[in-house]
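One structure is given here, and the rest of the page talks about it.
We did not get these values from a lab; they are worked out from the coordinates using the rules stated. Every value quoted in this text rests on a predicted model; they were computed, and no experiment measured them. Here Cβ is always computed from backbone atoms with ideal geometry, including for glycine, and neighbour counts include all displayed protein chains.
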Amino acid sequence: MNKQAYFAHETAVIDQPCIIGEGTKIWHFSHIMANCSLGKNCNIGQNVVISPDVHLGNNVKVQNNVSIYTGVICEDDVFLGPSMVFTNVINPRSAVNRKNEYMKTTVRKGASIGANATIVCGNDIGEFAFVGAGAVVVKEVKPYALVVGNPSKQIGWISEYGQRLYFDEEGIAICSESHEKYELKNNLVHKIN
């Protein structure tokens, strides 16, 4: 690991071995644990904990006070809002060791998770999905889905640009700002240009 390739604030704790990509920034009081992997150009906010064996892709933005537990994978361009929460055991008990029962959660490319949201382990977040602030995710989130509430429910679709999509009777939507075109077919969204 080339220490010159990334920035770490003097109060950050970085356990070895781990991989930290070029251009990544790690801010105050954050703890990067052994055997995790952070891609290029990530931003790790203040008071973040990244547990062993976690993998973050390139350009992942982790806001303040987020803990990313063993079993979590975030693909490229993921946004994790302030104080959002991952879990990795479905039925935790202090007196029962369940380290062999960690469940995986994958956050797919381009997805955003809002402030104070909770992702119950084992529920993947689809590409470019958007989890609203404070939502509690208890089931898989489809690609491009917009989910809110507790428990979360899908209230619509969202573009890669982050704009709400409104589909016409033919199942076509055009993002108002980026002019990207999408198709809704069989209750799944696909970008078509």
Packing-based order for 148-155, 92-99, 164-171, 117-124, using average beta carbon neighbours within 10 Å, highest first:
117-124, 148-155, 164-171, 92-99
Collect residues whose amide H, placed 1.01 Å from N in the peptide plane, falls under 5 Å from the amide H of residue 49; neighbours closer than 5 in sequence don't count.
31, 66, 67, 68
Fraction of beta bridges assigned by DSSP in the chain that are antiparallel (%, nearest 5)
30
Looking at the chain as a GNM with Cα springs under 10 Å, which of 90, 125, 174 has the largest mean-square fluctuation?
90
Along its principal axes, what span do the Cα atoms of the chain show, with the longest given first and each in whole Å?
55, 43, 22
Do the alpha carbons of any pairs in 104/142; 142/181; 99/153; 61/153; 109/142; 61/99 sit beyond 21 Å of each other, and which pairs?
99/153; 61/153; 61/99
Computed on alpha carbon atoms, what radius of gyration and Dmax characterise region 144-193, expressed in Å?
10.9, 34
What is the chain's relative contact order, in percent, from Cα pairs under 8 angstrom and six or more apart in sequence?
10
